[in-house]
1. Could you pull out the residue among G13, G89 that is on the phi > 0 side of the Ramachandran plot and touching a residue at least 24 places away in the same chain (Cβ under 8 Å)?
2. Return the residues of the range 379-417 that are in a helix (DSSP H, G or I) and buried (at least 24 other Cβ atoms within 10 Å of the Cβ); say none if nothing qualifies.
3. Would the range 149-170 turn up any residue that is surrounded by fewer than 24 Cβ atoms within 10 Å (Cβ to Cβ), at pLDDT 95 or above and assigned to a loop (DSSP other than H, G, I, E, B)?
4. Please name all residue pairs, on different chains or six or more residues apart, with Cβ atoms under 7 Å, provided the first residue is in the range 265-282 and is within 16 Å of L349 (Cα to Cα) and within 15 Å of the ligand (Cβ to nearest atom) and the second residue is at pLDDT 95 or above and of a type in the set (V, I, T).
5. How many of the residues in the range 29-71 are free of Cβ contacts under 8 Å to residues at least 40 places away in the same chain and under 30 Å from A310 (Cβ atoms)?
6. Would you be able to tell me the number of residues in the range 411-438 that are on the phi < 0 side of the Ramachandran plot, within 13 Å of the ligand (Cβ to nearest atom) and not hydrophobic (A, V, I, L, M, F, W, C)?
7. Can you confirm whether L486 is within 46 Å of the chain's Cα centre (by Cα), more than 30 Å from G438 (Cα to Cα) and not in a loop (DSSP other than H, G, I, E, B)?
8. Pairs, please: C-beta under 6 Å, at least 6 apart or cross-chain, first residue outside the structural domain of P166 (by TED's automatic domain parsing) and assigned to a loop (DSSP other than H, G, I, E, B) and in the range 127-138, second within 6 Å of the ligand (Cβ to nearest atom) and among the acidic types (D, E)?
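The values are calculated or read from the model by the stated rules, or taken from the named source; none is laboratory data. Given the structure is predicted, the values throughout are model-derived calculations rather than measurements. All Cβ positions, glycine included, derive from the backbone under ideal geometry; neighbour counts span all protein chains shown.
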Amino acid sequence: MLPEIEVRSPATGDLVGTVPNLDAAAVDALVARARAAQPAWSRLPFGERARLLRRYRERLVARADEVAELSVRETGKLAPEALFVDVLGTAGVARWCARRARAVLGRRRVPSGFLLHKRCYVVREPYGVIGVISAWNWPVLNGMRAVLPAIAAGNSVVMKPSEVAPLSALLQREIATEAGWPEDIFLIATGAGDTGRALVASALDKISFTGGVETGRRIAQQAAQRLLPVSLELGGSDAAIVLRGADLARAASTIVTGTFYNAGQNCTSLERVYVEASIYDEFLARVVEATGPLRVGAGDAVDIGCITTAAQLTKIEEQVNDAVAQGARVLVGGRRLPGPGRHFAPTVLVDVRQEMDIIQLETFGPVLPVVKVRDAAEALRLANDSSFGLGSSIWGPKRLAERLVPEVRAGMTLVNDAVLNALVPALPFGGIGESGTGRVHGDDGLREMSWARSVMVDRGGGAREAALLYPVDRLGRAGALAAVRLLAGRGRVRLAGLGQLLRHVPRLLRRGSQGGEQ
Ligand code: NAD
């Protein structure tokens, strides 16, 4: 195991920094510190935790340029991308958690049903120490969207950021400390996959993972050994469906953005577009027209930045080449670009078939396959023919498009829009199928970091139900049946139950007094 990991800029190859590659003992020590700090943190009132979350948001925004610049240097994305998603997106989650934690997690009265002499409520309790393992594509938001609700709920966190972009995570801890968070409630375990494995094996109470399907599967298997709760935000191959009657100018430009933003390295990037035959030619012409002028490179005067890792660039290239070898045609791009930096040209593909890897696998790159379909039914069938179920996008007349929403097999569906839901902190974010389980963002994101404690309090005074239950023959089978009819029946059944129970009362009283004499 290498003692250190070098972080190099995908745009220039320059060294951005080095971080320790922590072993299991070091990870265990961090978890122990987080464990020791958690009880005091969880005892703070919601208001105080919310104040510290708001303070974190203020410091994050105050240092926005520096945060974005580091994300750019680690991943090769563009500064506006880092500002909008890593900074603005994270600030939104912090605000949501500060605002909603008390309402979502605080004491909630629930009806006590027919047990009128009880008072019932639910409180959401923190798990304890949460392990967060995150991916590199949004090095701030990917981790912090799990860290912030965990912290808001009263947990402490040990985060293992991606080895590709760990410096952004260390900067987040620095900002949180500056905001006044207690020293040990948010700790960072830098390292590669083995460090992540050690974190899952450590004395955690829950793991929240963002990354690829295969790693997610491995983590779920490892966690299953000791029934460690897991939430998984995994990959996707999001489909867009474009129907007759859609605003094609808006559909084409938004789908182009939804595919190429961050060089396609978004879990909810659009990876395949199914277009009704009657509008296919016009839609395709508009997509080609919008893609052609996109500038690739680094700096402020380009539209598409780097492919962050060499492995990712190879994967994109192989999938495109494989599709072409099987008969797909490249209308725009289709190839790796010369350096400096790792780049792939924004690519539009046609004559793509459903069974090709470019459709069935996650590409995670700037590639847009456009497929002609007969009608909405065929579009839905092909969109749903995927092991993933993360995001989706339907374009068409609003009422028709909204009617189709329940037909799409995906955790998130946008109507006449693409990818922007990630910037709405109220909307739960996550997938179904191989795209994972659990949610970040929204009230569900806060619930994900807590468990429900049920509390029932006897109001005191009234009849003791134990006296009704024991000895069993005091009420007997007939009395129990009458009670069930009264309490759960309707109309005549209920009335009959009442009558039967009333007939039972003298017997109950008599037996009751006999019971008292013993
Ligand atoms: P990855 O699965 O290779 O790595 C993710 C993290 O897991 C890294 O921190 C890595 O070090 C760690 N890891 C690797 N092996 C491990 C192990 N055995 N045990 C514990 N941790 C281990 O993914 P990546 O390449 O960093 O990210 C790209 C993937 O993330 C894509 O599939 C993308 O779709 C997905 N992603 C999903 C979402 C979402 O919200 N659903 C968001 C962003 C990225």
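1. Of G13, G89, the one residue that is on the phi > 0 side of the Ramachandran plot and touching a residue at least 24 places away in the same chain (Cβ under 8 Å) is G13.
2. Scanning the range 379-417 gives A379, A383.
3. Yes - at least one qualifying residue is present in the range 149-170.
4. Cβ pairs passing all conditions: S269/T259; L270/I255; L270/T259; E271/T363; R272/I359; R272/V371.
5. Final tally of qualifying residues: 4.
6. Summing the residues that are on the phi < 0 side of the Ramachandran plot, within 13 Å of the ligand (Cβ to nearest atom) and not hydrophobic (A, V, I, L, M, F, W, C) in the range 411-438 gives 7.
7. Judged against the criteria, L486 is a match.
8. Every condition considered, no pair remains.
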